[in-house]
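Asks: Here you go, one structure.
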Amino acid sequence: MNTASLAGITGALLVGLGLFGLVTNPRPLRKLLAFNLLGSGVFLLFGVLARRGAAAGIAADPVPQAMVITGIVVAFSATALAVALLLRLFEETGRSTLRADPPSKAAGDGSGA
Amino acid sequence: MTVVNALDIGLAALVLALAAWTVAAREAFAAAVGYVAYGLLLSLVWVRLFAVDVALTEAAIGSGVTGVLLIRAAARLRGATPALDEPLAPPLRFLAGVLCAMVAGALAATVLLMPDPAPTLAPQAVGNLPSTGLGNAVTAVLISYRAFDTMLEKVVLVLAVVGVWSLAPDACWGGSPGAPRPARPEAALAFLAQVLPPLGIVVGIHIFWVGADEPGGAFQGGAILAAMWMITMMAGLTEAPPVSSTRLRLVLVSGPAVFLAIGLAGVVIAGGFLAYPSGSAKPLILFIEAFMTLTIAATLPMLVAGPPEQPPQP
Amino acid sequence: MTGFLLSAAGFILLTVATGLVRILRGPGDCDRMMAAQLLGTGATAALLLVASATGAPGAVDVALGLALLAAFASVAFVNSAAPPEQNLNNEAGVE
Amino acid sequence: MSAALDLLTIVAILAGLFFFLAGTVGLLRFPDPLSRLHALTKADNLGLGLIVVGLLPRAGGLLGVLKLVAVWFLVLLASATVAQLIAGAIRRKGSST
């Protein structure tokens, strides 16, 4: 098994792990972490395609590489926005949960986080 | 060959173990620390895949800047009451586990069944390099072949800053973000924040500059410059600028604005949106990249700093 | 020589991976942070060794980036790990 | 000459590995956080330092040498600062950690 296939299996397992954390963990910050794991797993799959597409004297296809670079930056901005929303929700309500149940006075604000 | 295999297998096992810890840890803070370590190792994996440009991005953004963001968030959420957050019932958890395992298995099978070598655009990317004057095909893809994508991605960054800022409480609008400053002055930290930035700025500009021909570029260089600004804020040496600052806003939009302006000029001069006139492609690309570097260096710290938290000073 | 350098990189990764038990066991957050710090140094060393062995261009720049950012997570941790009462005094406007 | 340099590389890297091992064992086995911190800095300073020394003959050119030395210097700086900061955090928390 070569490096690329191994990285591919790692990426697939990361997607599975991230998905599991996203679905099962009730706390929003943990969901965010899991979502980032999922994302990096997908990026790794791109990396495998890039490595297997080595040609013309370069060791990895530049197109997937460029897409992953853009992806990492976009994933970061999305994470930062989500963290800001979460912290604001916590400041407003003193809780960090996605449940809209009572007895929260500002639950309506938070359910969108 | 066997040594390489052992190294790769060990690395993959380590990455997966840290990912599992990030998912399974009881405390959010411990999970965030695990994620930082995970990001570090992931950049090693990218080097093993010979995607050094990606490894640089992952090292700077994926692990460094995201790490600061997540550790701060985890620490501040520590007082949150977990009362309403009961976990899923065990049968549902089991079901979710089975489904996720199936997804992972299907993906792994797909990866193994896909053709090797994969279809590739590398020959075209390298073949057109002379017309851009660049030597690094990844930079060429980012700024030339897929320029539209990269420009919109800069817009996404600015939109994210707008989104974060719009969470400001009414009274604080126009004020400064609660920058990641220290709880108390630390002499050692202040020393680090004075010695590191000069070196870091040199390295950041170096990485941006060599990006034309070698691994590197605007994203990676800009992220390192951003980190240098962040460390001075984290040490309490500088305050975050107020969000109403015109200079800050100009820097934030300069990257996409310059990109768009040159793209529109291309309609007139080179006969297509985002087309570069032949012969002067490389200077134009470097010009755009310089402003993109600046935008990234300003955007990332603003995203980490969060919404304004202090009322504006009169 | 290449084999030796790669084995050395593998050995370092294995070693610092053992150190990660501290992330699992703690007991305090300080210990977790220390294990992450050790992993950062180990990853930098392994990266330098791999770069030297495979000659991947630019890999040393990645190590340079990691070294520049080595202190960041720990600094963020120490900044936000102040005891709660002190936190209130210093960040009155935040809470 | 090159055989001697290769020998230097091997000896220095092996010594570096020893310090990484020692640092990790210390991090795992020492009883209190401050001693563990002490063990950690050995890996940062000597472990990485000796590996950098070992790789210097293979650096290829002045820029390569400068980069390697810069990596070591930056990690030294980071590790010294972090050790100081974490030690302060441990002291403030008292023996509860």
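Asks: Identify, from the list C:Ala36, C:Ala56, the residue that is among the small types (Gly, Ala, Ser) and assigned to a helix (DSSP H, G or I).
Replies: From the options C:Ala36, C:Ala56, the qualifying one is C:Ala36.
Asks: Right, something else. I'm told B:Gly175 meets every condition in (1) crowded, with 20+ Cβ neighbours inside 10 Å; (2) of a type outside the set (Phe, Trp, Tyr); (3) more than 8 Å from chain A (Cβ to nearest Cβ); (4) not in a loop (DSSP other than H, G, I, E, B) except one. Can you identify the failing condition by its number?
Replies: (4) is the only condition that B:Gly175 fails.
Asks: I'd like to know if region C:57-79 contains one or more residues that are modelled with pLDDT under 85 and more than 7 Å from every other protein chain (Cβ to nearest Cβ).
Replies: Within region C:57-79 (the criterion being modelled with pLDDT under 85 and more than 7 Å from every other protein chain (Cβ to nearest Cβ)), the answer is no, since none of the residues qualifies.
Asks: I would also like to ask the following. Considering each of D:Val82, D:Val71, D:Val52, D:Val25 in turn, give the residue that is in a helix (DSSP H, G or I), facing chain C (nearest Cβ under 9 Å), of a type in the set (Val, Ile, Thr) and in contact with a Ser or Thr (Cβ under 6 Å, 6 or more places away or on another chain).
Replies: Every option except D:Val82 fails the conditions.
Asks: Kindly evaluate B:Val4 against the criterion of being among the hydrophobic types (A, V, I, L, M, F, W, C), closer than 15 Å to C:Thr54 by Cα and at the interface with chain C (Cβ under 10 Å from one of its Cβ atoms).
Replies: When the stated conditions are applied, B:Val4 passes them.
Asks: Show the residue pairs that are 6+ apart or on different chains and have beta-carbon atoms under 8 Å apart, the first residue being within region C:7-18 and in a helix (DSSP H, G or I), the second being at pLDDT below 90 and among the aromatic types (Phe, Trp, Tyr).
Replies: Note: pairs meeting the criteria are C:Phe11/D:Phe20; C:Ile12/D:Phe20; C:Thr15/D:Phe20; C:Val16/D:Phe20.
Asks: Report whether or not C:Gly42 is at pLDDT 85 or above and either buried (at least 21 other Cβ atoms within 10 Å of the Cβ) or under 27 Å from D:Leu56 (Cα atoms) (or both).
Replies: Spelling it out, C:Gly42 is indeed at pLDDT 85 or above and either buried (at least 21 other Cβ atoms within 10 Å of the Cβ) or under 27 Å from D:Leu56 (Cα atoms) (or both).
Asks: Still on this model: Right, B:Leu192: free of Cβ contacts under 8 Å to residues at least 12 places away in the same chain, assigned by TED's automatic domain parsing to the domain that holds B:Pro130 and buried (at least 17 other Cβ atoms within 10 Å of the Cβ) or not?
Replies: Here the answer is no, as B:Leu192 does not meet what is asked.
Asks: Something else: In region B:210-240, what count of residues is obtained for those that are part of a helix (DSSP H, G or I), over 28 Å from B:Ala188 (Cα atoms) and over 18 Å from the mean Cα position of the chain (by Cα)?
Replies: Qualifying residue count for the region: 1.
Asks: Which residue, of B:Val33, B:Val103, B:Val45, B:Val68, is at the interface with chain A (Cβ under 10 Å from one of its Cβ atoms), in a helix (DSSP H, G or I), touching a helix residue (DSSP H, G or I) at 6+ places or on another chain (Cβ under 7 Å) and buried (at least 24 other Cβ atoms within 10 Å of the Cβ)?
Replies: That would be B:Val45, the only listed residue that is at the interface with chain A (Cβ under 10 Å from one of its Cβ atoms), in a helix (DSSP H, G or I), touching a helix residue (DSSP H, G or I) at 6+ places or on another chain (Cβ under 7 Å) and buried (at least 24 other Cβ atoms within 10 Å of the Cβ).
Asks: Additional query: Of the numbered conditions (1) at the interface with chain A (Cβ under 10 Å from one of its Cβ atoms); (2) farther than 29 Å from B:Thr22 by Cα; (3) part of a loop (DSSP other than H, G, I, E, B), B:Pro123 satisfies every one except a single condition; which is it?
Replies: (3)
Asks: Another question, if that's okay. Given the criterion surrounded by fewer than 19 Cβ atoms within 10 Å (Cβ to Cβ), in the same structural domain as B:Val162 (by TED's automatic domain parsing) and on the phi < 0 side of the Ramachandran plot, identify the matching residue among B:Ile205, B:Ile224, B:Ile296.
Replies: Result: B:Ile205 is the single residue among B:Ile205, B:Ile224, B:Ile296 that is surrounded by fewer than 19 Cβ atoms within 10 Å (Cβ to Cβ), in the same structural domain as B:Val162 (by TED's automatic domain parsing) and on the phi < 0 side of the Ramachandran plot.
Asks: Something else now. So which of B:Thr150, B:Thr110, B:Thr139 is among the polar types (S, T, N, Q), more than 30 Å from B:Gly272 (Cβ to Cβ) and part of a helix (DSSP H, G or I)?
Replies: B:Thr110
Asks: Against the condition under 18 Å from D:Leu21 (Cβ atoms) and either out of contact with any Ser or Thr (no Cβ under 6 Å at 6 or more places or on another chain) or acidic (Asp, Glu) (or both), how does C:Leu47 come out, does it pass?
Replies: In short, no.
Asks: Consider only pairs whose beta carbons are under 6 Å apart and that are at least six residues apart or on different chains; among these, list those whose first residue lies in region A:39-59 and is surrounded by fewer than 20 Cβ atoms within 10 Å (Cβ to Cβ) and whose second residue is not in a helix (DSSP H, G or I).
Replies: What qualifies is A:Ala54/A:Ala60; A:Ala55/B:Thr120; A:Ala59/B:Phe50.
Asks: Yes or no: C:Ala82 facing another protein chain (nearest Cβ under 7 Å), surrounded by fewer than 22 Cβ atoms within 10 Å (Cβ to Cβ), under 29 Å from B:Gly211 (Cβ atoms) and modelled with pLDDT under 85?
Replies: no
The values are calculated or read from the model by the stated rules, or taken from the named source; none is laboratory data. Worth saying up front: this structure is predicted, and the values here are computed from it rather than measured. Because the Cβ atoms are built from the backbone with ideal geometry, glycine has one as well, and the counts that use them run over all protein chains shown.
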